[in-house]
1. Out of the residues in the stretch 145-157 that are within 22 Å of residue 172 (Cβ to Cβ), in contact (Cβ under 8 Å) with a residue 12 or more places away in the chain and not in a loop (DSSP other than H, G, I, E, B), state the one that is most open to solvent (accessible area, probe 1.4 Å).
2. Mind telling me which of the residues 95, 101 ends up being without any contact (Cβ under 8 Å) to a residue 12 or more places away in the chain and not in a loop (DSSP other than H, G, I, E, B)?
3. Which residue, of 65, 74, is at pLDDT 95 or above and among the charged types (D, E, K, R)?
4. What residue, among those in the stretch 77-94 that are of a type in the set (S, T, N, Q) and either out of contact with any strand residue (DSSP E or B) (no Cβ under 9 Å at 6 or more places or on another chain) or open to solvent by 60 Å² or more (accessible area, probe 1.4 Å) (or both), is farthest from residue 40 (Cα to Cα)?
5. When residue 51 is evaluated against the numbered criteria (1) open to solvent by 60 Å² or more (accessible area, probe 1.4 Å); (2) among the hydrophobic types (A, V, I, L, M, F, W, C); (3) more than 30 Å from residue 184 (Cβ to Cβ), which criterion, by number, is the only one it fails?
6. Taking the stretch 162-189 on its own, how many of its residues are outside any helix (DSSP H, G or I) and either among the small types (Gly, Ala, Ser) or more than 14 Å from residue 133 (Cα to Cα) (or both)?
7. I'm checking my understanding of the structure. Among residues of the stretch 22-57 that are in contact (Cβ under 8 Å) with a residue 40 or more places away in the chain and among the β-branched types (Val, Ile, Thr), which one is nearest to residue 76 (Cα to Cα)?
8. Consider the stretch 127-140. How many of its residues are in a helix (DSSP H, G or I), open to solvent by less than 10 Å² (accessible area, probe 1.4 Å) and not aromatic (Phe, Trp, Tyr)?
Amino acid sequence: KFELVNNVVNTSQFRKLKTDLKSELDLEDFFVLGYVGVLREWVDFKPVYEALKSFKDIRLLIVGEEGLLKENMELAESYGVAEKVLFTGTVPYASVPEYVSVMDCCLIPFNQSKVSQNSVPLKLFEYMACEKPVLSTRLPGVKEIAGGRVLYADTAEEYREQIARIMSSDGGSEHLKSNRRFVVDNYDWHSIGQRLEKILDEAV
């Protein structure tokens, strides 16, 4: 017998913030795609880089460096989009909500590996808690939990279509607020903490 307890997020920390960081990063005049997390072998930016070629006033903000940072920088160069990609390296975890708040669309660009097929990335909840549109690879865990709350893309063409769709939308503020409420109600530290406490009480 077992109980599955999902990843959870501190929704008091992860929320939509007003920040001057977009100006500090010189991104004010651009639509900003963003990614926060490790750059391990299951993260695949190749279709994203290919899609970037089709857009002019767009930038990709990549926050994190663990793993294949150098390789991803070289990959951006080989795709001819290095000037459109900003790598910040590691930032303090407390600053992550501010970086997410700079993003106009947040990415989960994983490949179809054993790791990704069995994962529900914490960044999914962090992005949604910050009221940001999410564009993810079709991962079983993400589809099971988020369903139609997020958009999906696997190929460069699908990324182009979905990015264009988001750029031309009015922001969908009510939908994004609904996504935050979904996370607060189901994947917040407090709610999951209560569930975990109940499981432990029953176990003893």
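The values are calculated or read from the model by the stated rules, or taken from the named source; none is laboratory data. Being a predicted model, the structure only gives us computed values, none of them experimental. Neighbour counts run over all protein chains shown; Cβ positions are idealised from the backbone, glycine included. For the accessible areas, the whole protein counts, side chains as well, though only heavy atoms, and no ligand, DNA or RNA atoms are used. Shrake-Rupley method; radii C 1.70, N 1.55, O 1.52, S 1.80 Å.
1. 149
2. Working: 101 fails: without any contact (Cβ under 8 Å) to a residue 12 or more places away in the chain.
So the residue among 95, 101 that is without any contact (Cβ under 8 Å) to a residue 12 or more places away in the chain and not in a loop (DSSP other than H, G, I, E, B) is 95.
3. On the way: 65 fails: at pLDDT 95 or above.
None of the other options fit; the residue is 74.
4. Initial filter on the stretch 77-94 (of a type in the set (S, T, N, Q)): 78, 88, 90.
Adding the requirement that they be either out of contact with any strand residue (DSSP E or B) (no Cβ under 9 Å at 6 or more places or on another chain) or open to solvent by 60 Å² or more (accessible area, probe 1.4 Å) (or both) leaves 78, 90.
Values: 78: 19, 90: 14 Å.
Filtering the stretch 77-94 for residues that are of a type in the set (S, T, N, Q) and either out of contact with any strand residue (DSSP E or B) (no Cβ under 9 Å at 6 or more places or on another chain) or open to solvent by 60 Å² or more (accessible area, probe 1.4 Å) (or both), the one farthest from residue 40 (Cα to Cα) comes out as 78.
5. Residue 51 satisfies every listed condition except (1).
6. Filtering the stretch 162-189 for residues outside any helix (DSSP H, G or I) gives 169-172, 187-188.
Now narrow it down to the ones that are either among the small types (Gly, Ala, Ser) or more than 14 Å from residue 133 (Cα to Cα) (or both): 169, 171-172, 187-188.
Number of matching residues: 5.
7. The extreme case among them is 48.
8. Residues of the stretch 127-140 in a helix (DSSP H, G or I): 127-129, 140.
Retained after the next criterion (residues that are open to solvent by less than 10 Å² (accessible area, probe 1.4 Å)): 127-129.
Okay, now just the ones that are also not aromatic (Phe, Trp, Tyr), so 128-129.
Result for the stretch 127-140: 2.
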